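All remarks here apply to the structure that follows.
Each reported figure results from applying straightforward, stated rules to the coordinates on display, with no laboratory input. Keep in mind the model is a prediction, meaning the values are calculated, not measured. Methodologically, a virtual Cβ is constructed for each residue, glycine included, from the backbone with ideal geometry; neighbour enumeration extends over all protein chains shown.
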Amino acid sequence: MKKIISTNPAKNYEVIGEVTVSNLNEIKKKVEGANNAKKLWKELGIEKRIALLTPLLDQIEERKEELAYLITKEMGKPINESRDDISWDLGYLKSFFKLGEEYLKDEITHSQGNSLHRIIFEPIGSAAVITPWNFPFDMFLWGVIPNLIAGNTVIFKHSEETPLIGKIAEDMMNKLHLPEGVFSEVYGDGNTGAQLVNQNVDFIWFTGSSTVGKKLFELAGKKFIKSTMELGGSNPAILCEDVDVQKTLGKIFIKRFLNCGQVCDAVKRLIVHESIFDEIVGELKKILESKIVGEPENEKTNIGSLVSKTQLLALEVQVEDAIKKGAKIVTGGKRPANLKGAYFLPTILTNVKPNMKVWHEEVFGPVLPIVSFKTDEEAIKLANDTEYGLGAVVCSKDVERAENIAKEIEAGNIDINNGNHWVACTPFGGYKNSGMGREHGRHGFQELCKIKVIAK
Ligand code: NAD
């Protein structure tokens with residue numbers, strides 16, 4: 001039997017557990033179970049489905065410290081951030097349970113005399129839900145629970161980087177005693193994921209890299225089934241000359257360096273008005289050098305390790321490429337000398353050019369390239385100079401100007417100043433290579449359904 005070994009990237013890759021990889025027969029059986037359970041789960045109705053799923057809240061509440069420590073161990077995420085993840089999850093989950101039914105209520109589209117047209121939102125069927133590791137418990141909940149609320153049955157595959165979180169997720173779901181086949185989980189890497197999506201599923205719900213997302217979108221096209229793709233990003237942040245530097249940099253620090261920079265929606269390119277460029281670079285350098293990089297189980301730590309050696313090596317290739325092509329390291333740029341594991345110092349790069357990987361690829365680590373602009377047109381051009389379009393940040397005291405810039409940026413979610421689109425009722429998703437479809441809110445829930453019109 002093949003195993004996935006789970007290691008702690010912040011403790012020199014010490015082994016913390018293992019799970020057995022699902023074989024093709026098991027995958028086929030689980031898909032068959034999900035297909036057999038479709039009718040029953042659909043006919044139960046949304047109210048009863050939500051009632052069956054709701055005890056998950058108590059289980060998470062009871063196990064939140066265990067979950068937080070496991071996230072920290074499997075990923076190297078600072079413990080306080082892992083705890084915040086769980087609180088965040090609880091908030092999202094409560095909102096899914098509270099608003100799911102409202103989002104999927106019948107809609108009247110036409111009413112005239114005796115004529116009445118009504119949309120009903122029906123489940124798509126069996127959903128293959130595949131997720132990444134960077135917010136391992138959120139990704140499980142966001143992929144699986146809205147699908148189940150909408151009436152789809154789910155075969156779930158978590159990332160090979162966080163298989164032990166995948167195990168806890170399965171354990172919690174088993175304790176809900178859902179009808180057989182409504183939820184099941186398979187374990188493994190991309191090969192297992194590929195085996196899963198090649199079965200007779202009705203829907204692919206995927207969060208992960210754009211490279212894999214595009215392959216799955218192509219497969220969904222061949223099968224002619226629906227898919228939702230939540231993919232990578234290289235968000236720009238535009239800082240105009242009138243910003244309050246300290247307040248703005250507080251936000252930028254979080255938007256870039258949270259989770260050691262491994263966030264789809266992170267700010268990955270900073271575009272600063274030339275008149276405040278030196279000040280921004282100097283102040284951000286001070287902020288980064290004041291942060292504690294280290295052991296993530298220590299509550300004082302601000303930045304832990306990356307998730308794996310693979311991720312560290314990929315980041316180093318991008319930074320080395322930038323340096324070779326003339327970028328300047330303002331701070332960081334290397335592994336910390338005293339720590340063993342997937343650590344990399346928070347880094348600022350200037351003198352960044354469009355041909356550098358740190359500019360045109362997604363950078364999934366604590367590295368921030370900073371460039372300057374003179375006019376808003378130039379800032380917009382730089383912001384859109386990417387294959388991605390997940391999100392962006394625009395900061396200016398002149399909100400009308402910021403809004404005009406926001407309208408020109410090719411991305412799905414744009415925050416102006418203190419705006420924060422991360423609430424469960426607001427749809428999330430990308431333009432360009434960052435995705436297809438939306439999750440969360442009314443739009444996200446309706447993605448999980450087929451639309452049927454009954455006209456009388
Ligand atoms: P990844 O695409 O390598 O893997 C994601 C999942 O897909 C994993 O479970 C993996 O095993 C599986 N997989 C890989 N190849 C597959 C295949 N051929 N068929 C089926 N499944 C396959 O991504 P990752 O490294 O785990 O995660 C990081 C990426 O995810 C980044 O690009 C990040 O921006 C993105 N992400 C996006 C969002 C979003 O909501 N837009 C959220 C989190 C992460």
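Report, by chain and number, residues whose modeled amide H sits under 5 Å from the one on Ser434, excluding near sequence neighbours (fewer than 5 apart, same chain).
Gly389
For region 396-437, which chymotrypsin sites (Phe, Trp or Tyr not before Pro) pass both filters: DSSP loop (anything but H, G, I, E, B) and at most 16 other C-beta atoms within 10 Å?
For chymotrypsin sites (Phe, Trp or Tyr not before Pro) across region 396-437 that sit outside H, G, I, E and B with at most 16 neighbouring Cβ atoms in 10 Å, the list reads Trp422.
log10 I(q)/I(0), Debye, Cα-only region 18-133, no solvent, q = 0.10, 0.19, 0.20, 0.22 Å⁻¹?
-0.52, -1.20, -1.22, -1.24
Which shape class applies to the chain: rounded if a/c is under 1.5, otherwise prolate when a/b exceeds b/c and oblate if not, where a ≥ b ≥ c are the square roots of the Cα gyration tensor eigenvalues?
Working: a/c = 1.97, a/b = 1.36, b/c = 1.45.
Oblate.
Quick check on packing: order 293-300, 159-166 by the mean number of other C-beta atoms within 10 Å, highest mean leading. Before the final figure, lay out the partial values.
Details: 293-300: 17.2, 159-166: 23.8.
The densest-packed peptide leads the list: 159-166, 293-300.
Within 11 Å, Cβ to Cβ, of Asp89, how many net charges do the neighbouring residues add up to if Lys/Arg are +1 and Asp/Glu are -1?
Details: positive: Lys64, Arg83, Lys94; negative: Glu61, Asp84, Asp85, Asp138.
Net charge in that neighbourhood comes out at -1.
Which stretch or stretches of region 261-286 have amide N atoms under 14 Å from the point lying 7 Å from Lys374's Cα along the Cα→Cβ direction?
Counting only backbone N, you get 273-275.
Share of antiparallel DSSP beta bridges in the chain, in percent to the nearest 5? Show your work: numbers first, answer last.
Working: 26 of 64 bridges.
Here the share of antiparallel DSSP bridges comes out near 40 percent.
What do you get for chymotrypsin sites (Phe, Trp or Tyr not before Pro) in region 156-239 restricted to DSSP loop and a cutoff of at most 11 other Cβ within 10 Å of the site's Cβ?
Numbers: sites: Phe156, Phe183, Tyr187, Phe203, Trp205, Phe206, Phe217, Phe224; in loops: Tyr187, Phe224.
Loop-located and lightly packed - Phe224.
Rounded to the nearest 0.05, what FRET efficiency is calculated for Lys291 and Asn174 with R0 set to 45 Å and r the Cβ-Cβ distance?
Working: r = 40 Å, r/R0 = 0.89.
Using R0 = 45 Å, I get an efficiency of 0.65.
Against the longest alpha carbon principal axis of the chain, how many degrees, from 0 to 90 and to the nearest 10, is the axis of helix 163-174 turned?
Long axis of 163-174 versus the principal axis of the chain: about 30 degrees.
If I fit a long axis through the Cα atoms of helix 245-257 and take the longest principal axis of the Cα atoms of the chain, what angle between them do I get, 0 to 90°, rounded to 10?
Computed tilt is about 50 degrees.
Residue by residue through region 311-326, what is 3J(HN,Hα) from phi via Karplus (6.51 cos²θ - 1.76 cosθ + 1.60, θ = phi - 60°)? Round to whole Hz and write x for glycine and proline.
So the J values, rounded to whole Hz, are 5, 4, 5, 5, 5, 4, 4, 5, 5, 4, 4, 5, 5, 4, 8, x.
Between their Cα atoms, which of Lys214/Lys432; Lys38/Lys175; Lys30/Lys105; Lys309/Lys334; Lys39/Lys450; Lys215/Lys432 are more than 23 Å away from each other? Could the numbers behind the result be given before it?
On the way: Lys214/Lys432 11 Å; Lys38/Lys175 20 Å; Lys30/Lys105 30 Å; Lys309/Lys334 14 Å; Lys39/Lys450 14 Å; Lys215/Lys432 15 Å.
Table pairs above 23 Å Cα-Cα are Lys30/Lys105.
For region 116-206, what does the convex hull of the Cα positions come to per residue, in cubic angstrom? Spell out each step's value before the answer.
On the way: hull volume 9.7 nm³, N = 91.
Hull volume normalised by residue count: 107 Å³.
Write down Rg/Rh for region 341-456, rounded to two decimals, with Rg from the C-alpha atoms and Rh from the Kirkwood relation over Cα pairs.
Details: Rg = 17.7 Å, Rh = 16.6 Å.
On the Cα set of region 341-456, Rg over Rh gives 1.07.
How do Thr350, Thr131, Thr375, Thr192 rank when sorted from fewest to most other Cβ atoms within 10 Å of their own Cβ? Please list the in-between numbers first.
Details: Thr350 18, Thr131 27, Thr375 10, Thr192 21.
Lowest to highest Cβ neighbour count: Thr375, Thr350, Thr192, Thr131.
What number of lysine-lysine pairs in region 353-408 show an alpha-carbon separation below 23 angstrom, given a sequence spacing of 8 or more or placement on distinct chains?
Working: Lys353/Lys374; Lys353/Lys381; Lys357/Lys381; Lys374/Lys397; Lys374/Lys407; Lys381/Lys397; Lys381/Lys407; Lys397/Lys407.
The result is 8.
To test your reading of the geometry: what angle, between 0 and 90 degrees and rounded to tens, separates the Cα axis of helix 210-223 from the longest principal axis of the chain?
It is inclined by approximately 30 degrees.
Magnitude of the Cβ-charge dipole of region 123-217, K/R +1 and D/E -1, about the Cα centre, nearest 20 debye? Present the calculation step by step, with values, prior to reporting the outcome.
Working: 5 positive and 9 negative charges, 41 e Å.
That gives region 123-217 a dipole magnitude of about 200 debye.
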